[in-house]
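The values are calculated or read from the model by the stated rules, or taken from the named source; none is laboratory data. Everything numeric in this text was worked out from a predicted model, so none of it was measured. Cβ placement follows ideal geometry from the backbone for every residue including glycine, while neighbour counts extend to all protein chains displayed. With ligands, DNA and RNA removed, areas are computed over all heavy atoms of the protein, side chains included. Shrake-Rupley method; radii C 1.70, N 1.55, O 1.52, S 1.80 Å.
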Amino acid sequence: MEVSDEAMLTIEQLKNMNELEMEIYEYIMHHKEQVLHMKIRELADEVHVSTTTILRFCKKAGCNGFAEFKIKFQLYLQKNETLRSDHDISLMLDFFHKINQPSFYEKIEEVAQKIVTCDKIIFIGIGTSGLLGQYGARIFNNYGKFSFCIEDPFTPIANGSCEHSCIIALSVSGETIEPIRMMNVFLRENCMSVAITNQEDCTLARMCDYTFNYYMPEFRMEETFNVTTQVPVVFIIETLAKRVRELIEMI
């Protein structure tokens, strides 16, 4: 079956969503088939918001009302129907469709040009984000840019040791206290900073010079373990590293 060349919502639309509206979006992406048969009051009750909030969400999604939104959503699901495993591949398709915009690659270009002038790249993150930081550091090293990852938030940073560095902070929520504390230290060193987080409206993203956001529905196990897909993070890191390498070769 043909796959849609459009995302359900664009990055720009998602950026305009407030916290409650993002909760509506996440519920819809987790309960696709059920939402198609819901009335607006039923959806409002499930997400614990007002019907007015649902209507505001629909308007930001480019629809005049909930009925029109369901029609648009049904067409989106039909066009993106494909073979699936336990992992919902439609979420990945949605991410790649909505990020494949000139604005994304323009930001990649701007950040890559800044990174080329830096002496080194320092990834920071804990848990799964720390592991991805290790991967990111390896990719940049493979491409010829000295990089390393700090996973221990108590690692001492000597004054002046991070001058002319680029700090890339990884965090799904952007609210985890340890990366925020580490970033505070690096900001005192006047480092260039980049955040890769799920949403733009988070503390870590607001602290940094640049931010890449992937807007994926969050999944948690036992209310504690965040298992939100990190495929977008790998894509962003690899795309950035490849462009840095291309710029280095041009020097």
Whole-Hz Karplus couplings 3J(HN,Hα) for the stretch 60-65, θ = phi - 60° and coefficients 6.51, -1.76, 1.60, Gly and Pro as x, run 5, 7, x, 10, 7, x
Compute the length gained on full extension between Gln113 and Thr51: take 0.36 nm times their separation in residues and subtract their Cα-Cα distance, giving the result in nm to one decimal. 17.7 nm
With a 1.4 angstrom probe the carbon and sulfur portion of accessible area for the chain, in percent, totals 52 percent
Based on the alpha-carbon set only, what is the convex hull volume of the stretch 95-226 divided per residue, in Å³? 112 Å³
Which three extents, in angstrom, do the Cα atoms of the stretch 96-169 have along their principal axes, listed largest first? 40, 28, 21
I'd like the accessible area for Glu12: 1.4 Å probe, protein heavy atoms, all chains in place, Å² to the nearest 10. 90 Å²
Tell me which residues come under 5 Å, amide H to amide H, from Ala169 once H is placed; ignore anything under 5 positions away on its chain. Ile124, Val194, Ala195, Ile196
Below 8 Å, C-alpha to C-alpha, sequence gap of six or more: please give me the relative contact order for the chain in percent. 18 percent
Taking amide H positions as placed 1.01 Å from N in the peptide plane, with prolines and chain starts having none, which residues 5 or more places from Ser147, or on another chain, fall under 5 Å of its amide H? Ile121, Asn141
Provide the FRET efficiency to the nearest 0.05 for the Val234-His30 pair, computing r from the beta carbons and using R0 = 22 Å. 0.50
If the only charges are +1 at each Lys and Arg Cβ and -1 at each Asp and Glu Cβ, what is the size of the charge dipole of the stretch 128-190 around the Cα centre, to the nearest 20 debye? 180 debye
By how many nm would the segment from Glu42 to Glu175 lengthen if fully extended, with 0.36 nm per residue of separation less the alpha-carbon distance? 44.8 nm
For the stretch 19-31, just list the computed ³J(HN,Hα) in residue order, Karplus coefficients 6.51, -1.76 and 1.60, θ = phi - 60°, integers in Hz, with x standing in for Gly and Pro. 4, 5, 5, 5, 5, 5, 4, 5, 4, 4, 6, 8, 10
For the stretch 37-46, just list the computed ³J(HN,Hα) in residue order, Karplus coefficients 6.51, -1.76 and 1.60, θ = phi - 60°, integers in Hz, with x standing in for Gly and Pro. 10, 8, 8, 4, 5, 5, 5, 4, 5, 5
I want the local charge near Ile251. Using Cβ-Cβ distances under 15 Å, sum +1 for each Lys or Arg and -1 for each Asp or Glu among the other residues. +1
With +1 on the Cβ of every Lys and Arg and -1 on the Cβ of every Asp and Glu, the dipole magnitude of the chain about its Cα centre, in debye rounded to the nearest 20, is 380 debye
Note down the nm distance, to one decimal, between modelled labels 7 Å out along Cα→Cβ at Arg138 and at Asn16. 4.2 nm
What does a probe at Arg220 reach in the stretch 48-74, counting residues whose amide N is under 16 Å from the point 7 Å along Cα→Cβ? 48
The lysines whose Cα lies under 27 Å from the Cα of Lys15, excluding any fewer than 8 residues away in the same chain, are Lys32, Lys39, Lys59, Lys60, Lys70, Lys72, Lys79, Lys98, Lys107, Lys114, Lys242
Along each principal axis of its Cα atoms, how long is the stretch 5-154 end to end? Whole angstroms, biggest number first, please. 55, 35, 31
